[in-house]
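**Q** Could you have a look at this structure, given as structure tokens, before my questions?
The values are calculated or read from the model by the stated rules, or taken from the named source; none is laboratory data. Keep in mind the model is a prediction, meaning the values are calculated, not measured. A quick note on method: Cβ atoms are made from the backbone with ideal geometry, for glycine too, and the neighbour counts reach across all protein chains shown. The area values use the complete protein model at the heavy-atom level, side chains included, leaving out ligands, DNA and RNA. Shrake-Rupley method; radii C 1.70, N 1.55, O 1.52, S 1.80 Å.
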Amino acid sequence: MDYQALYRKYRPQRFDEVIGQDHVTNTLSHEVIEGTIAHAYLFAGPRGTGKTTTARLLAKALNCQDRGDNGEPCNVCFSCIGITDGASLDVIELDAASHNKVEDIREIRMNVSTVAATGGSRKVYILDEAHMLSRAAGNALLKTLEEPPEHVIFVLATTEPYKLLDTIRSRSQRFDFHPVGVETLVSHLGDISRREEFDAEQPALDLIASHAGGSVRDAMSLLEQVAALGAGVVRSKDVARALGLADREVYSRLIDSLKNRDAAAALGLVAQLAAQGADLRRFVADAIGLLRGIFLAQYAPNLEEVADESSDTLDQWRKH
Ligand SMILES: [Zn+2]
């Protein structure tokens with residue numbers, strides 16, 4: 001079998017496999033069951049949180065020939081397999097970054113109005129990075145959204161929804177995808193590690209999750225990179241290396257030098273990191289994060305509720 005990136009290999013094929021976006025997938029599967037699907041959706045949220053994946057799942061569920069009572073696609077019928085393989089004519093994916101001109105949208109409009117529904121299927125147009133559309137292209141799209149043919153559904157995916165025309169936003173049903181929480185990411189990474197038979201240290205998975213910025217895609221590509229580095233063993237020190245992070249011990253020394261008001265020690269530490277080629281910008285960001293954490297650990301009695309971090313990280317904050 002051809003090599004597949006982990007993110008592709010484990011791309012969700014059912015609504016309930018999408019990580020950390022239950023508020024979106026529950027509503028969508030309900031709309032599929034009830035037949036209350038809108039003609040235009042706006043999927044807004046940070047990168048790697050499942051916007052285009054969910055759009056494909058919507059297309060799959062709508063066109064599935066043996067859909068479950070819970071609104072989930074069967075993944076074995078002709079239509080489902082076509083969509084999984086990216087060979088279906090019912091899903092049209094366009095990257096607005098490279099199709100942002102008014103002529104491109106006119107072409108889509110021509111396409112939308114001439115392509116008849118075959119065998120009652122629903123055509124789902126997924127417009128990724130929709131905020132990249134030019135103003136003229138946005139206005140052209142609006143005309144289509146105003147009078148969409150019965151069998152056509154548009155999903156506009158964007159990381160920057162405020163850049164879209166108000167008139168487009170107001171004609172779409174909006175779903176906000178959230179950054180995925182650290183604990184949820186850690187458990188997902190653990191699950192993938194077991195299935196891939198990686199030998200993964202728990203602190204390494206914590207570290208990956210807390211540096212993924214809420215993105216499932218970023219977390220999985222980092223896991224993949226580190227597993228390759230360690231030939232199947234996932235170690236914290238390799239995560240730190242891949243990210244250009246300083247060792248944990250360095251932060252302890254930094255905190256000690258601050259406590260002791262020892263500027264020479266702190267500056268020596270920075271010089272040492274620079275000489276080792278560590279990413280100093282990242283070091284500063286992580287040091288600020290740690291200081292904030294220590295502050296929270298001292299003054300917030302409900303630390304677990306206010307901080308989205310692994311229990312290991314919370315313990316580290318309490319220790320200082
Ligand atoms: Zn199916």
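**Q** So Ala97 passes all but one of these: (1) within 22 Å of Ile192 (Cβ to Cβ); (2) away from the ligand (no atom under 16 Å from the Cβ). Which condition number does it fail?
**A** For Ala97, the exception is condition (1).
The rows are residues; the columns are (1) touching a His at 6+ places or on another chain (Cβ under 7 Å); (2) surrounded by fewer than 21 Cβ atoms within 10 Å (Cβ to Cβ).
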| position | (1), (2) |
| --- | --- |
| Leu94 | no, yes |
| Asp104 | no, yes |
| Pro148 | yes, yes |
| Ser172 | no, no |
| Glu183 | no, yes |
| Leu189 | no, no |
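**Q** Of these, Gln13, Gln65, which one is within 16 Å of the ligand (Cβ to nearest atom), surrounded by 14 or more Cβ atoms within 10 Å (Cβ to Cβ), more than 18 Å from Asp128 (Cα to Cα) and not hydrophobic (A, V, I, L, M, F, W, C)?
**A** Checking each option against the conditions leaves just Gln13.
**Q** Can you tell me how many residues within region 191-206 are in a helix (DSSP H, G or I) and either open to solvent by less than 40 Å² (accessible area, probe 1.4 Å) or of a type in the set (Val, Ile, Thr) (or both)?
**A** Here the count works out to 5.
Residues are listed down the side, and each one gets a yes or a no for (1) assigned to a helix (DSSP H, G or I); (2) touching a residue at least 40 places away in the same chain (Cβ under 8 Å); (3) open to solvent by 20 Å² or more (accessible area, probe 1.4 Å):
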{"site": "Pro73", "(1), (2), (3)": "no, yes, no"}
{"site": "Ile83", "(1), (2), (3)": "yes, no, no"}
{"site": "Arg109", "(1), (2), (3)": "yes, no, yes"}
{"site": "Ile126", "(1), (2), (3)": "no, yes, no"}
{"site": "Ala157", "(1), (2), (3)": "no, yes, no"}
{"site": "Phe175", "(1), (2), (3)": "no, yes, no"}
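**Q** Condition check: closer than 30 Å to Thr54 by Cβ, open to solvent by less than 70 Å² (accessible area, probe 1.4 Å), part of a helix (DSSP H, G or I) and in contact with a Lys or Arg (Cβ under 9 Å, 6 or more places away or on another chain). Does Val226 satisfy that?
**A** yes
**Q** From the list Gly45, Gly35, Gly50, pick out the single residue that is open to solvent by 30 Å² or more (accessible area, probe 1.4 Å) and either away from the ligand (no atom under 15 Å from the Cβ) or not assigned by TED's automatic domain parsing to the domain that holds Gly120 (or both).
**A** Gly35
**Q** Report, ordered by the first and then the second residue, all pairs with beta carbons closer than 7 Å, sequence separation of six or more or different chains, a first member in region 290-312 that is more than 17 Å from Arg248 (Cβ to Cβ), and a second member that is modelled with pLDDT of 90 or more and assigned to a loop (DSSP other than H, G, I, E, B).
**A** Close Cβ pairs (under 7 Å, with a partner that is modelled with pLDDT of 90 or more and assigned to a loop (DSSP other than H, G, I, E, B)) amount to Asp308/Gly181.
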